[in-house]
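Let me begin by presenting the structure, written as structure tokens, before commenting on it.
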Amino acid sequence: MSEASAVKPSLLELALTFNHISLASFGGGLSAWSREVVVEEKKWMSEEEFLSILTMCRILPGANQVNVAIFVGAKFLGIPGAVAAVFGLTFLPAVLILLLGAAYFQYSHVPALQNALKGAAAGAIALTLSMVVKTGRKCLLSSIPWILFAATFFLNGILRWPLFGVLALTAPFALIWAWPKSKAK
Amino acid sequence: MKDEGLNLIHVLILFSSLSLLSIGGGNTVIPEMHRKAVDSYSWMSGNQFADLFAISQAAPGPSILLVTLIGYKAAGITGAILATVAMILPAGTLVYLVSRFWIRSADSPLHFAIERGFAPLTVGLMLTSGWVMSKAADHDWRAWLLTGACTLLCTITKTNPILIVGGAALIGWLGWV
């Protein structure tokens, strides 16, 4: 399913792209930003490939978005690719957060950005919801995926079950439903 | 400083072990970070920890950069770098190995089933993210109106998301939400 990958990016392009994703995520919504760039803008992965990787990256230990960067970087350029993507994702934000942290310990409050952050959070939530609509239109095409989607949201979002409990229940059904029916696929 | 050297060792041990334990994402080990940084090592007060957590959530980039801030408070810039690398490297190595396996298994039925079957689950988890984020941000009706308008703009038009989030930040900055 990797036919979506158009041109192999260079190390520099991987680092710059993940740096761009990372810096754009002011106020949150990092997953939606990576999808926007990796799937729609760069066409490095197909919609389904990206979505499945996103859930695998949630199950595996480590920060979800760092894991996504490793998957994308390693897909194209192996270990150097993974390192470049993670470096791009974390370096400037780490410098930035250190400046914020130093300011915080100096003046014991965060520089007054509360209102702007509140607005940005509203925008980031919108980005996430819009990702739900856009991806939902592509993969919720019959009743079974709709039920899987609704059950996952209900258990995880409304009942606040931990991720593992939710997936232990829904993932087996999802795999049985999605298992290729015949040898020729 | 002798203290700083000891702190560096504690930083290294703490975050490299939490790295592999952070199954389900960095947020799952935050209670343990809190316990160690505040109670065991007294690197900071509980209030400071809560404020650093807020900074790491709002600042751009992965929220796991909370460990960068904890490392910085414990042992300066060296501590910040060490904490970040220690938190990323062990889990990152494992994820890399899984990604190799994933690419090599491209033609297997399991790969196919995961790719097709996990998509609806991921959409459900994303909806949860949006839902939980809006609760954490304490959304009132004005914030929901802004979120709704931005969602519509983002879904049915090709507007650059930077403009949308930037515009929303500006509206917030003007005190309208």
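The values are calculated or read from the model by the stated rules, or taken from the named source; none is laboratory data. This one's a predicted model, so the numbers in the text were calculated from it and none came from an experiment. Note that each Cβ is placed from the backbone with ideal geometry, even for glycine, and that neighbours are counted across all protein chains shown.
Just give me the residues in the range A:75-98 being over 20 Å from residue B:104 (Cβ atoms) and facing chain B (nearest Cβ under 8 Å), in sequence order.
Scanning the range A:75-98 gives A:86, A:89, A:90, A:92, A:93, A:94, A:96, A:97, A:98.
Give the number of residues within the range B:102-135 that are out of contact with any Pro (no Cβ under 9 Å at 6 or more places or on another chain) and either aromatic (Phe, Trp, Tyr) or in contact (Cβ under 8 Å) with a residue 24 or more places away in the chain (or both).
Matching residues across the range B:102-135 total 3.
Could you go through the range B:25-34 and let me know if any residue there is away from chain A (no Cβ under 11 Å), without any contact (Cβ under 8 Å) to a residue 24 or more places away in the chain, more than 22 Å from residue A:102 (Cβ to Cβ) and under 18 Å from the mean Cα position of the chain (by Cα). Steps first, please.
Taking the range B:25-34 and keeping what is away from chain A (no Cβ under 11 Å), we get B:30-34.
Subset that is without any contact (Cβ under 8 Å) to a residue 24 or more places away in the chain: B:31-32, B:34.
After this cut, where a residue has to be more than 22 Å from residue A:102 (Cβ to Cβ) as well, the list is B:31-32.
Still in the running and under 18 Å from the mean Cα position of the chain (by Cα): B:31-32.
Yes, the conditions are met somewhere in the range B:25-34.
Conditions first: (1) more than 25 Å from residue A:163 (Cα to Cα); (2) modelled with pLDDT under 95. Residue B:80 passes all but one, so which condition is the exception?
Unmet for residue B:80, out of (1) more than 25 Å from residue A:163 (Cα to Cα); (2) modelled with pLDDT under 95: (2).
Being among the hydroxyl-bearing types (Ser, Thr, Tyr), at pLDDT below 90 and assigned to a helix (DSSP H, G or I) is the filter here; which residues of the range B:132-177 pass it?
Of everything in the range B:132-177, just one residue is among the hydroxyl-bearing types (Ser, Thr, Tyr), at pLDDT below 90 and assigned to a helix (DSSP H, G or I), namely B:134.
Taking the stated definitions as given, is residue A:101 assigned to a loop (DSSP other than H, G, I, E, B) and either within 29 Å of residue B:134 (Cβ to Cβ) or among the polar types (S, T, N, Q) (or both)?
Numbers: assigned to a loop (DSSP other than H, G, I, E, B): no; either within 29 Å of residue B:134 (Cβ to Cβ) or among the polar types (S, T, N, Q) (or both): yes.
Criteria not met by residue A:101.
Here is a yes/no grid of residues against (1) under 22 Å from residue B:154 (Cβ atoms); (2) touching a residue at least 60 places away in the same chain (Cβ under 8 Å); (3) buried (at least 24 other Cβ atoms within 10 Å of the Cβ):
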{"position": "A:37", "(1), (2), (3)": "yes, no, no"}
{"position": "A:43", "(1), (2), (3)": "yes, no, no"}
{"position": "A:48", "(1), (2), (3)": "yes, yes, no"}
{"position": "A:59", "(1), (2), (3)": "no, yes, no"}
{"position": "A:69", "(1), (2), (3)": "no, no, yes"}
{"position": "A:73", "(1), (2), (3)": "no, no, yes"}
{"position": "A:78", "(1), (2), (3)": "no, no, no"}
{"position": "A:86", "(1), (2), (3)": "no, yes, yes"}
{"position": "A:91", "(1), (2), (3)": "no, yes, no"}
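Determine if the range A:120-136 includes at least one residue that is touching a Leu at 6+ places or on another chain (Cβ under 7 Å), more than 7 Å from chain B (Cβ to nearest Cβ) and of a type outside the set (Asp, Glu).
Of all residues in the range A:120-136, those touching a Leu at 6+ places or on another chain (Cβ under 7 Å) come to A:122, A:132, A:135.
With more than 7 Å from chain B (Cβ to nearest Cβ) added as a condition, the list becomes none.
No, because not a single residue in the range A:120-136 is touching a Leu at 6+ places or on another chain (Cβ under 7 Å), more than 7 Å from chain B (Cβ to nearest Cβ) and of a type outside the set (Asp, Glu).
Looking at the range B:152-177, I want the residues that are more than 16 Å from residue A:121 (Cα to Cα) and have a partner that is part of a helix (DSSP H, G or I) with Cβ atoms under 7 Å, at least 6 apart or on another chain. Which pairs are those?
The qualifying pairs are B:155/A:130; B:155/A:133; B:155/A:134; B:159/B:153.
Testing residue A:163 on (1) under 14 Å from residue B:113 (Cα atoms); (2) crowded, with 18+ Cβ neighbours inside 10 Å, one condition comes back false. Which one is that?
The one condition residue A:163 does not meet is (1).
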